[in-house]
């Protein structure tokens with residue numbers, strides 16, 4: 001078990017290196033100049049050139065990459081071109097909303113999908129099984145933003161039970177309590193969990209010692225779902241105006257803020273790899289056949 005984890009951890013490094021190479025060079029080759037965005041519409045070519053030199057964008061791409069990679073290896077993700085703040089500080093400021101959204105979504109999806117899938121498998125061919133099949137097709141077919149707007153229309157605009165947008169922090173000076181935090185996240189949780197309830201419920205089976213035997217495929221699907229959650233978080237945070245890492249990513253892309261984009265993609269990739277590592281490691285404990 002120990003050697004397995006060591007091998008997998010060592011395999012993370014080349015994956016992250018390849019990701020860093022791809023995202024760095026693709027950003028530099030994409031159209032658009034961050035210096036021109038920062039300078040504004042009325043800037044002269046001299047102003048843009050001065051900003052490019054100040055940010056180091058006039059250096060060869062290979063030199064820029066080596067310098068950035070050396071900083072990353074020291075835990076420094078660089079400074080935001082647009083906000084003039086350390087990327088690590090921006091990530092720390094936006095981390096709580098994203099973690100709250102992601103963990104709540106996974107918890108809700110698992111708590112709903114596993115019992116629902118077990119009941120559907122127990123009554124195979126019954127109305128619950130057929131209904132779950134239809135729900136799964138709908139859950140995979142309908143885009144996340146469409147589900148979000150439907151829930152906003154029903155529960156926020158028509159019934160006025162929940163707020164439309166925004167986020168209330170759980171802790172800190174701006175905290176308004178647990179209920180205020182929950183109210184802002186109920187609709188985003190419901191939006192994101194729809195796809196994962198459908199995914200997990202369809203893979204859950206009910207046989208002898210059902211949950212023990214179904215644990216491996218369920219954990220696999222949960223792991224895949226958490227990894228795919230990254231894309232859903234970006235859309236959901238944008239729709240619900242949640243100030244998390246997803247909305248930070250969108251703002252960075254619009255502003256051509258290379259350091260922020262590079263840092264976030266690297267963090268998302270690291271999260272993806274570590275989640276897969278945890279899923280693979282859990283097989284040894286969940287399935288006795290793998291253990292022996």
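For this structure, a couple of remarks:
- Bins of 10 Å from zero: percent of alpha-carbon pairs in the range 1-124: 10, 24, 27, 19, 12, 7, 2, 0
- For the range 132-196, convex hull volume per residue from C-alpha positions, Å³: 95
- Stretched out straight at 0.36 nm per residue, the stretch from residue 274 to residue 47 would grow longer than its current Cα-Cα span by 77.4 nm.
- With a Förster radius of 30 Å applied to the beta-carbon distance between residue 62 and residue 7, the computed FRET efficiency rounds to 0.45.
- Estimated distance in nm for a label pair at residue 281 and residue 165, the labels positioned 7 Å out from Cα along Cα-to-Cβ: 4.0
- Working ranking of peptides 145-152, 40-47 by packing, defined as the average number of other Cβ atoms within 10 Å per residue, highest first, is 145-152, 40-47.
- Between residue 179 and residue 16, the simple label model (points 7 Å from Cα in the Cβ direction) yields a spacing of 4.3 nm.
- Kirkwood-type radius of the range 2-72, with distances r between different C-alpha atoms, in Å: 14.5
The numbers here are math on the coordinates, done by the rules we state, and not lab data. No experiment lies behind these values; they were computed from the predicted model shown. All Cβ positions, even for glycine, are placed from backbone atoms using ideal geometry, and neighbour counts span all protein chains on display.
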